[in-house]
Amino acid sequence: AQSVAQPEDQVNVAEGNPLTVKCTYSVSGNPYLFWYVQYPNRGLQFLLKYITGDNLVKGSYGFEAEFNKSQTSFHLKKPSALVSDSALYFCAVSLADAGKSTFGDGTTLTVKP
Amino acid sequence: EAGVAQSPRYKIIEKRQSVAFWCNPISGHATLYWYQQILGQGPKLLIQFQNNGVVDDSQLPKDRFSAERLKGVDSTLKIQPAKLEDSAVYLCASSLMSSGGGTQYFGPGTRLTVL
């Protein structure tokens, strides 16, 4: 069975500071890893994904994430947070041969001016 | 390019009633997913279609939930009869790829309240 853990329900950062939203996963096989963002009253939007290759993945809105196989982690990062980054962030994992994704329970990011 | 469309956006029913949700995926996307998102939790896959065939419905409560995608395009998810614990947001997503690497594009969701 595959699973995703987002250990922090809430992350608070000041605008302009770097942010990190943590994600660890458990899967049998090579994982595909995703980050999605959810704004209030809107559906999930794709941010970035790791399939293979470079462990550092760059995505939308200046976000990036680093795949660490030994630590089974895929933390989301941004060098300088914006107030508009405030939203609910979900990490997800799937296997190569199946589209089924397992999502974490989400982390609420609040960026304060 | 139009996104994933869902209707209705909101639905309030009483327990033991039935309800249906509709989804129209992005044009050309062969794979369609239905998720249940309970408040405070991440989306949980209910069923995955590849064209009009079911790929995975292992987490679909088949005694009360059903879904179809008859022509391989739009899809309907039905609950009959509804229970209080079915109160959630029901998300539809579509993807070009059926494999695990495919990016999923989500609709706005239908918020169901069961009283």
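The values are calculated or read from the model by the stated rules, or taken from the named source; none is laboratory data. Bear in mind that the values here come from a model prediction, so they are computed numbers and not experimental data. So basically every Cβ, Gly included, is an ideal-geometry build from the backbone, and we count neighbours across all protein chains shown. Note: accessible area is taken over every heavy atom of the protein model, side chains too, but ligands, DNA and RNA are not part of it. Shrake-Rupley method; radii C 1.70, N 1.55, O 1.52, S 1.80 Å.
Can you name the residue in the range B:1-19 that is assigned to a loop (DSSP other than H, G, I, E, B) and within 13 Å of chain A (Cβ to nearest Cβ) and is also surrounded by the most Cβ atoms within 10 Å (Cβ to Cβ) among such residues? Looking at residues that are assigned to a loop (DSSP other than H, G, I, E, B) and within 13 Å of chain A (Cβ to nearest Cβ), I get B:4. Residues that are surrounded by 16 or more Cβ atoms within 10 Å (Cβ to Cβ), hydrophobic (A, V, I, L, M, F, W, C) and over 21 Å from residue A:17 (Cβ atoms) within the range A:92-113 comprise A:92, A:93, A:95, A:98, A:103, listed in sequence order. Filtering the range B:74-115 down to residues that are under 16 Å from residue B:47 (Cβ atoms) and open to solvent by 40 Å² or more (accessible area, probe 1.4 Å), which residue is farthest from the other protein chains (Cβ to nearest Cβ)? Among those residues, the one meeting the criterion is B:80.
Here residue A:22 fits the description: open to solvent by 50 Å² or more (accessible area, probe 1.4 Å) and in contact with a His (Cβ under 6 Å, 6 or more places away or on another chain). Being under 14 Å from the mean Cα position of the chain (by Cα) and farther than 19 Å from residue B:19 by Cβ narrows it down to one of B:106, B:65, so name that one. Testing whether each residue is under 14 Å from the mean Cα position of the chain (by Cα) and farther than 19 Å from residue B:19 by Cβ leaves just B:106.
Table: residues versus (1) touching a strand residue (DSSP E or B) at 6+ places or on another chain (Cβ under 8 Å); (2) of a type in the set (Val, Ile, Thr).
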{"residue": "B:38", "(1), (2)": "yes, yes"}
{"residue": "B:43", "(1), (2)": "yes, no"}
{"residue": "B:46", "(1), (2)": "yes, no"}
{"residue": "B:58", "(1), (2)": "no, no"}
{"residue": "B:64", "(1), (2)": "yes, no"}
{"residue": "B:73", "(1), (2)": "yes, yes"}
{"residue": "B:95", "(1), (2)": "yes, no"}
{"residue": "B:115", "(1), (2)": "yes, no"}
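Listed by position, the strands (runs of 3 or more DSSP E) contained in the range A:30-75 that have at least 3 residues being of a type outside the set (Val, Ile, Thr) and closer than 30 Å to residue B:8 by Cβ are A:31-38, A:44-50. Within the range B:25-42, residues that are within 10 Å of chain A (Cβ to nearest Cβ) and in contact (Cβ under 8 Å) with a residue 24 or more places away in the chain sit with their Cβ atoms under 6 Å from residues that are part of a loop (DSSP other than H, G, I, E, B) and open to solvent by 20 Å² or more (accessible area, probe 1.4 Å), at 6+ positions apart or across chains, in these pairs: B:31/B:98. Of note, residue A:83 does not satisfy the criterion of being among the β-branched types (Val, Ile, Thr) and closer than 24 Å to residue B:34 by Cβ. Looking across the range A:4-19, the residues that are open to solvent by less than 60 Å² (accessible area, probe 1.4 Å), part of a strand (DSSP E or B) and either among the β-branched types (Val, Ile, Thr) or away from every other protein chain (no Cβ under 11 Å) (or both) come down to A:4, A:11, A:13, A:14, A:19. Restricting attention to the range B:20-50, and to residues there that are in a loop (DSSP other than H, G, I, E, B) and out of contact with any Leu (no Cβ under 9 Å at 6 or more places or on another chain), which single residue is most open to solvent (accessible area, probe 1.4 Å)? Per the stated criteria, the residue is B:39.
Applying the set (1) under 30 Å from residue B:55 (Cα atoms); (2) surrounded by fewer than 20 Cβ atoms within 10 Å (Cβ to Cβ); (3) touching a Phe, Trp or Tyr at 6+ places or on another chain (Cβ under 8 Å); (4) without any contact (Cβ under 8 Å) to a residue 40 or more places away in the chain to residue A:72 leaves exactly one unmet item: (4).
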